[in-house]
Amino acid sequence: MTSAQPFFVGWAAKIPKPLRAFLAAVCVIMTVGFAGAAVLVGATQADPDGGRFRFDIGPQNLEGTVIGGAYPALWVTKGTEAIPAGKVILLNGNGKTGVQDRVQPLAGKAVAVRGILMERGSLRMLQLGNGKQGLAAIEGDAAAIPQAEPLGRWRLSGEICDGRCAAGAMRPGTGLAHKACANLCIAGGQPPVFVSAAPVEGESFFLMTGPAGEALSPEILRHTAEPVTLDGALTRIGNLTVLAVDATGLRRR
Amino acid sequence: MSVRYIPVQWNRNKWFYDGVLLAAAILYIALFLYVAPPLADHARPVDAPIWRARAFGTCAYLMLTVILLIGPLARLDSRFLPLLYNRRHFGVLTFFIAIGHALFVLDWYFAFSRTPMLEALLSSNTAFGHVVGFPFEALGILALLVMAVMAFTSHDFWLSFLGPKLWKRLHLLVYAGYLAATGHLAFGAWLDQATVGLTLLLFGGAGAVAVLHVLAAVKERRMTSTASPDDDWVPVCPPMEIPDKRGRIVVLSPDERVAVFRNGDTLAAVANACAHQNGPLGEGKIVGGCITCPWHGFGYRMEDGRSPPPFTEMIPTYRLRLTDGMLFIHGKANPPGTYQEPVRLMEGGMT
């Protein structure tokens, strides 16, 4: 500090003249810097590579047989253009709440459902509507669901996600920043899905269950959204591939 | 002047300072929300609430970074001091923007669940042993709590109520808050997507804060004078190194700083802390014969550390001596308001 340097008193109404140009430059640099940072940080964000709700094709009215289990699905016998007969589609509920309570009593029975399709590549789900309009038992015999086809044991690398957000309920609906949300969704009953880093048997998305088809263990759910490698048995039911895992073969990458 | 709580009034400078802050923050958020999305050119857009959360979150982090840059910049170049004196307003605005970020996050990631929002926030990720997957939300909560404490106690009333020493220590928590915010950004957003923008914001920002603090510390260390164990007299500098009507801060210990002033051919030393709000007197100037604090203009006479009548503030004085062209200060302070004969320079700068 030199005696010639201007003296600024915090409460003074006037800034000393020699300081004015300097402070004006600081103000401009700061404002321009903030503007540049906003564009740089905002515009370089990663593409969410996301799924979507298919509100554009309207609600889907389907009939079929409920495939029970920890995470229920529907074997479609009467479909739509977007979800034709002969497909298996996972069922999920609004928000972070699964549909087990509504669907499980109808396992193996013929039902009519109405809901909104969500899809991300080959990962497809139906968000059931509320009440009987969304899900109701119907007269007649339930069609037999396809036999489960074992595909053997596999070691897979990828990410454990909640299927609903991954399919398009959120964009991005995967990744570390989404971990807590994924945990809440899966804990609420939404189906967990493994997103494989590389396709296996032509498929990259796998419904996850415990070794005997039960809900995933909390030990595995501690690793949602993290890059992991795990060992499990793959089974195909129609177009749905199920990965049955326990925590023993799980490793963080 | 009084040691009682005196509200410091707004003035044109403060309105301007706050106006620039507000303009910069609004510009950041507006550009992030409305200009960046088309430039990002995503096949399908990021959800609007997530985009808003990112805009507010990164804005708050940038602002916190700038707040922490101001301190060392002012130590390295006194022209930045005016930015330092109104920094509290910067902090309060940053807190409100961080609150905006938190609300957007809560109302999206932790909504639509049977679990209540706050319970969901605290319980949905507990993988504290993981590096990748660490519950970065906890770090965000910590940063927000620190900012809340600082924002709520930023008013002069709290400075007077808590006392300058405790208030200052409380506000040093900003470093813990910044560390937590950096961890929050690093373990959450950056590990998730190490984009160019986030990488520059995180490492450029935190790196600049670290480097400037080191540089400022090195400069301060050079100016630190310490007493040898067998001598209470501490070397300061040749007297003419102190600019006329200006002070030089001498660090006697981490808790004790002294301001040595030169007014023409007289030199005197007083405690560096103003009796009003612990303002740095050594960064002040002699105006109208009094050492004038740069924060609020409180004045003290050089020779006895007393405010001129009718004011009653007093600060400690120190003994000085000049030996072989070098100024020395005695390490033991006189009681506040004690008269201490100033050192007078003979022609040529010697006694």
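No value in this document is a laboratory result; all are computed from the given coordinates. On a predicted model such as this, the values are computed, not experimentally measured, just so you know. Methodologically, a virtual Cβ is constructed for each residue, glycine included, from the backbone with ideal geometry; neighbour enumeration extends over all protein chains shown.
Just counting partner chain Cβ atoms within 10 Å, what average do the residues of peptide A:96-102 show around their Cβ?
Details: counts 9, 3, 0, 0, 0, 0, 0.
Mean partner-chain Cβ count within 10 Å for A:96-102: 2.
Give me the compactness ratio for the range B:12-222, meaning the Cα radius of gyration over 2.2 N^0.38 Å.
1.08
Output the 0 to 90 degree angle, nearest 10, between the alpha-carbon long axis of helix B:48-76 and the longest principal axis computed from the alpha carbons of chain B.
With both axes taken from Cα atoms, the answer is about 10 degrees.
Gaussian network model of chain A, Cα springs within a sub-10 Å range: biggest mean-square fluctuation belongs to which of A:THR65, A:THR31, A:THR174?
A:THR31
Let's see if you can work this out: charge +1 on each Lys and Arg Cβ, -1 on each Asp and Glu Cβ, no other charges. What is the dipole magnitude of the range B:156-279 about its Cα centre, in debye to the nearest 20?
Charge dipole, the range B:156-279, about its Cα centre: 240 debye, nearest 20.
Which whole-Hz couplings ³J(HN,Hα) result when phi for each residue of the range B:190-197 is put into the Karplus expression 6.51 cos²θ - 1.76 cosθ + 1.60, θ = phi - 60°, listed in order with x for Gly and Pro?
Each residue of the range B:190-197 in turn: 6, 5, 6, 8, 7, 6, 4, x Hz.
Running a GNM on chain B with Cα contacts under 10 Å, which residue among B:HIS296, B:HIS101, B:HIS130 ends up with the highest mean-square fluctuation?
Fluctuation is largest for B:HIS130.
What is the mean projected area of the alpha carbon convex hull for the range A:149-252, to one decimal in square nanometres? Could the numbers behind the result be given before it?
Values: hull surface 23.6 nm².
Directional mean of the projected Cα hull area for the range A:149-252 stands at 5.9 nm².
Provide the descending list of Cα extents for chain A along its principal axes, expressed in whole angstroms.
Principal-axis extents of chain A (Cα, largest first): 96, 41, 29 Å.
Mind scanning A:LYS109/A:LYS179; A:LYS78/A:LYS132; A:LYS87/A:LYS132; B:LYS219/B:LYS332; A:LYS78/A:LYS179 and naming the pairs with a C-alpha gap bigger than 28 Å?
Long pairs (Cα-Cα over 28 Å): A:LYS109/A:LYS179; A:LYS78/A:LYS179.
Before anything else, pin down the relative contact order of chain B: Cα pairs under 8 Å, at least 6 apart, normalised by residue count, whole percent.
In percent, rounded to a whole number, it is 13.
State the three equivalent ellipsoid semi-axes of the protein assembly as shown, derived from the C-alpha gyration tensor as the square roots of 5 times its eigenvalues, in descending order and whole Å.
The three semi-axes for the protein assembly as shown are 68, 22, 19 Å.
Work out the mean other chain Cβ neighbour count within 10 Å for the residues of B:200-211 and drop it here as an integer.
1
Give me, ordered by chain and number, the residues 5 or more places off A:GLY189 or on other chains with an amide H under 5 Å from its own placed amide H.
Counting only residues 5 or more places away or on other chains, the set is A:GLY98.
Would you kindly calculate the translational diffusion coefficient of the range B:92-179, applying Stokes-Einstein with the Kirkwood radius from alpha carbon pairs, for 20 °C and a viscosity of 1.002 mPa s, and quote it in µm² s⁻¹ without decimals?
146
Determine, for each peptide in B:301-309, A:165-173, A:20-28, the mean count of other beta carbons within 10 angstrom over its residues, then list the peptides with the highest first. Spell out each step's value before the answer.
Values: B:301-309: 18.2, A:165-173: 25.9, A:20-28: 13.9.
Ranking, from highest mean packing down: A:165-173, B:301-309, A:20-28.
Taking neighbour counts of Cβ atoms within 10 Å as a proxy for exposure, in what order, fewest first, do A:MET125, B:MET63 appear?
On the way: A:MET125 27, B:MET63 22.
So the residues, fewest neighbours to most, are B:MET63, A:MET125.
Scanning chain A for GluC sites (Glu not before Pro) in DSSP loops with at most 10 other Cβ atoms within 10 Å, what's the longest stretch left with none?
The longest such stretch corresponds to A:140-253.
Using only DSSP helix segments of four residues or longer, with each worth -39500 (n - 2.57), what per-residue ellipticity at 222 nm results for the protein assembly as shown after dividing by its residue count and rounding to 500? Walk me through the numbers before you get to the answer.
Values: 17 runs with 202 residues, N = 604.
My calculation for the protein assembly as shown gives -10500 deg cm²/dmol from helical runs alone.
Write out the cysteines belonging to chain B for which the nearest other cysteine Cβ is not under 4.7 Å, or none if no such cysteine exists.
If one checks each Cβ against the other cysteines of chain B, B:CYS59, B:CYS237, B:CYS290 turn up with nothing under 4.7 Å.
Which residue fluctuates most in the GNM of chain B (Cα springs below 10 Å): B:LEU139, B:LEU27, B:LEU179?
Highest fluctuation among the options: B:LEU27.
With each pseudo-label sitting 7 Å past Cα toward Cβ, what's the B:LEU22-A:ALA148 distance in nm, one decimal?
The two pseudo-label positions are separated by 6.4 nm.
Picking from A:GLN104, A:PRO146, A:LEU123, whose Cα lies most toward the positive end of the charge dipole for the range A:69-173 (charges on Cβ: Lys, Arg +1; Asp, Glu -1)?
After comparing all options, I get A:LEU123.
What spacing in nm lies between the two simple spin-label points modelled at A:ILE29 and A:GLU81, each 7 Å away from Cα in the Cβ direction?
With each label point 7 Å from Cα toward Cβ, the separation is 6.1 nm.
Report the label-to-label distance for B:LYS219 and B:MET346 in nanometres (one decimal), using points 7 Å from each Cα along the Cα→Cβ vector.
3.6
Output wanted: per-residue J couplings in Hz (rounded whole) for the range B:311-326, from phi through Karplus 6.51 cos²θ - 1.76 cosθ + 1.60, θ = phi - 60°, x for Gly and Pro.
Along the range B:311-326, the couplings run 7, 10, 5, 9, 10, x, 10, 9, 7, 10, 8, 10, 10, 6, x, 10 Hz.
Hey, which lysines would be in cross-link range of A:LYS17, C-alpha to C-alpha under 25 Å, not counting anything within fewer than 8 residues on its own chain?
Qualifying lysines at Cα under 25 Å: B:LYS14, B:LYS245, B:LYS285.
Given a Förster radius of 60 Å and the C-beta distance between B:LEU179 and A:ALA137 as r, what FRET efficiency does 1/(1 + (r/R0)^6) yield to the nearest 0.05?
Numbers: r = 58 Å, r/R0 = 0.96.
The formula returns an efficiency of 0.55 here.
Just subtract the alpha-carbon distance of B:ALA43 and B:VAL211 from 0.36 nm times their residue separation and send over the number in nm, one decimal.
Values: separation 168, 0.36 × 168 = 60.48 nm, distance 3.96 nm.
Additional length available on full extension: 56.5 nm.
Among the aspartates and glutamates, select those whose C-alpha is under 19 Å from the C-alpha of A:LYS14, and discard any that sit fewer than 8 residues away in the same chain.
Straight-distance partners of A:LYS14: B:ASP18, B:GLU283.
Taking loop as defined by DSSP and a crowding limit of 15 other beta carbons within 10 Å, which chymotrypsin sites (Phe, Trp or Tyr not before Pro) in the range B:118-220 fit? Can you show the working numbers first?
Numbers: sites: B:PHE128, B:PHE136, B:PHE152, B:PHE157, B:TRP158, B:PHE161, B:TRP167, B:TYR175, B:TYR178, B:PHE187, B:TRP190, B:PHE203; in loops: B:PHE128.
Taking the range B:118-220 and a limit of 15 other Cβ atoms within 10 Å, the loop chymotrypsin sites (Phe, Trp or Tyr not before Pro) found are B:PHE128.
Using only the alpha-carbon atoms, how far is helix B:174-184 inclined from the longest principal axis of chain B? Give it as 0 to 90 degrees, nearest 10.
20
Please average, across the residues of B:292-299, the number of beta carbons from any other chain that are within 10 Å of each residue's own beta carbon, and give a whole number.
So the per-residue partner count for this stretch is 3.
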